[in-house]
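Notes follow the structure.
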Ligand SMILES: [Zn+2]
């Protein structure tokens with residue numbers, strides 16, 4: 001479906017620039033200013049809008065374009081807060097939304113005010129299209145994602161639970177293009193790894209340094225953590241990563257795809273990655289997505305001022321990243337089994353979040369696949385997992401599947417975007433109307449099919 005006649009391709013760029021100019025650095029957030037701007041944009045087109053503040057200034061916008069109600073709604077989600085930016089470290093003002101060298105520069109240009117703009121203009125274009133939509137389209141532009149979403153999506157699902165009636169949601173995450181063996185693949189984020197942070201403690205009697213022993217706390221800890229090896233503790237191909245690798249391999253041959261499947265069945269991850277045709281960089285990026293990992297990020301014992309004292313305890317801090325399906329207890333036991341019983345493993349300050357996965361045998365996933373193939377020269381879609389977390393964590397556990405898809409074409413040679421949280425964050429201007437054309441097509445078809 002093509003956009004209806006109208007200046008939407010220019011409008012989406014203008015809306016993005018307006019949004020970037022509203023400083024929503026979180027904290028303090030001040031997302032209500034963005035919510036008001038969006039409400040003023042959408043209301044004249046007859047779209048219902050509500051601004052809901054979880055706290056003063058922390059506004060969430062929920063807009064709804066009504067369809068016939070024959071099918072369940074689709075939700076387009078995006079957060080309006082951004083992380084801090086220090087203007088002295090930027091080439092152009094981070095809240096200026098200036099255009100230079102083919103980019104729009106500004107905090108939020110890629111994370112993720114571009115998608116908020118695309119979602120809003122998609123709604124305007126759908127409202128103007130006159131298409132007989134069989135489902136409502138809900139737009140949620142929420143606060144506080146960068147600090148976990150407690151005042152944003154986390155608050156909305158408790159205070160406006162009707163949004164959970166949607167069939168699916170489209171979110172940030174995937175949508176990027178990546179090339180393997182000369183073929184182009186677009187990603188759609190269907191999974192997110194969880195986090196489980198640990199503190200490991202070795203204890204023994206403290207004593208004088210002139211009487212070393214094998215069983216002192218420092219050595220117990222050193223021996224234990226050396227057993228973590230490279231930190232890739234347990235291999236498991238979740239459905240998302242299995243399908244991703246299968247699709248990449250199948251682009252070579254069905255034989256390659258069969259080999260990859262068999263290797264994954266046997267837990268031979270590295271061989272499967274190579275057999276799928278990934279280069280060394282691709283293997284490096286993808287390997288953590290097949291494992292529960294543990295990185296030792298801190299060590300503490302003793303005191304240089306008491307260098308002649310053997311301390312009674314030694315601790316290590318571990319940042320664990322766990323696959324969907326792994327549990328808190330399961331990961332603690334896994335790490336303990338590697339480290340042995342000379343040390344004690346506990347969750348650090350309750351820092352645990354579960355991994356998430358949405359089923360991708362869903363109509364919206366097939367539809368995204370179809371639109372990508374048609375509009376991007378036959379490119380294939382692969383489901384994808386990221387190692388970070390998004391507002392999907394408030395929705396997937398409550399039964400609403402979330403698909404991360406911010407469409408962006410590969411950049412021309414010598415261009416490079418700077419992404420989420422980076423200095424000089426910028427987006428290739430052409431990718432803004434591109435995302436609009438893609439998303440409009442996906443949502444329009446989804447709403448016509450019911
Ligand atoms: Zn984001």
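None of the figures in this text is laboratory data; all of them are computed from the coordinates on show. Since we're looking at a predicted model, the values are computed, not measured. Methodologically, a virtual Cβ is constructed for each residue, glycine included, from the backbone with ideal geometry; neighbour enumeration extends over all protein chains shown.
A Förster radius of 35 Å combined with the Cβ-Cβ distance from residue 411 to residue 258 puts the calculated FRET efficiency at roughly 0.55. Once a ≥ b ≥ c are taken as the square roots of the eigenvalues of the Cα gyration tensor of the range 1-120, is the result rounded (a/c under 1.5), prolate (a/b larger than b/c) or oblate (a/b not larger than b/c)? Judged from the Cα gyration tensor, the range 1-120 comes out oblate (a/c at least 1.5, b/c at or above a/b). For the chain, the longest principal axis of the alpha carbon atoms and the long axis of helix 8-21 meet at an angle near 50°. For a quick check, take a GNM of the chain with Cα springs below 10 Å and name the residue from 46, 194, 355 with the largest mean-square fluctuation. Greatest mean-square fluctuation among the candidates belongs to 46. Computed from Cα atoms alone, the Kirkwood hydrodynamic radius reported for the range 194-353 is 17.6 Å. Modelled spin labels at residue 40 and residue 337, positioned 7 Å past Cα toward Cβ, are 5.9 nm from each other. Note on residue 347 and residue 179: the model spin-label points, each 7 Å out from Cα along the C-beta direction, lie 4.5 nm apart.
Mean-square fluctuations from a GNM of the chain, with a 10 angstrom spring cutoff on Cα atoms, peak among 254, 306, 353 at 306.
The range 395-445 and the range 202-239 have Cα centres spaced 43 Å apart. Classified by the C-alpha gyration tensor, the range 339-450 has an oblate form. Its axis ratio a/c, with a ≥ b ≥ c, is 1.5 or above, and a/b does not exceed b/c. GNM on the chain, alpha-carbon springs under 10 angstrom: the most fluctuating residue among 348, 403, 185 is 348. Working note: 222 nm ellipticity from helices only, DSSP H runs with n ≥ 4, each -39,500 (n - 2.57), summed and divided by the residues of the chain, gives -9500 deg cm²/dmol to the nearest 500. The angle between the Cα long axis of helix 254-265 and the main principal axis of the chain comes to about 40°, on a 0 to 90 degree scale. Taken over the chain, the ratio of Cα radius of gyration to 2.2 N^0.38 Å equals 1.09. Subtracting the Cα-Cα distance of residue 361 and residue 14 from 0.36 nm times their residue separation leaves 121.3 nm of extension gain. Distance from the alpha carbon centroid of the range 83-102 to that of the range 280-307 works out to 33 angstrom.
With everything on Cα atoms, drop me the angle between helix 239-250 and the longest principal axis of the chain, reported from 0 to 90° to the nearest 10. Taking the Cα atoms of the chain, the angle to 239-250 is about 70 degrees. Measuring between their Cα centroids, the range 119-176 and the range 343-357 lie 30 Å from each other.
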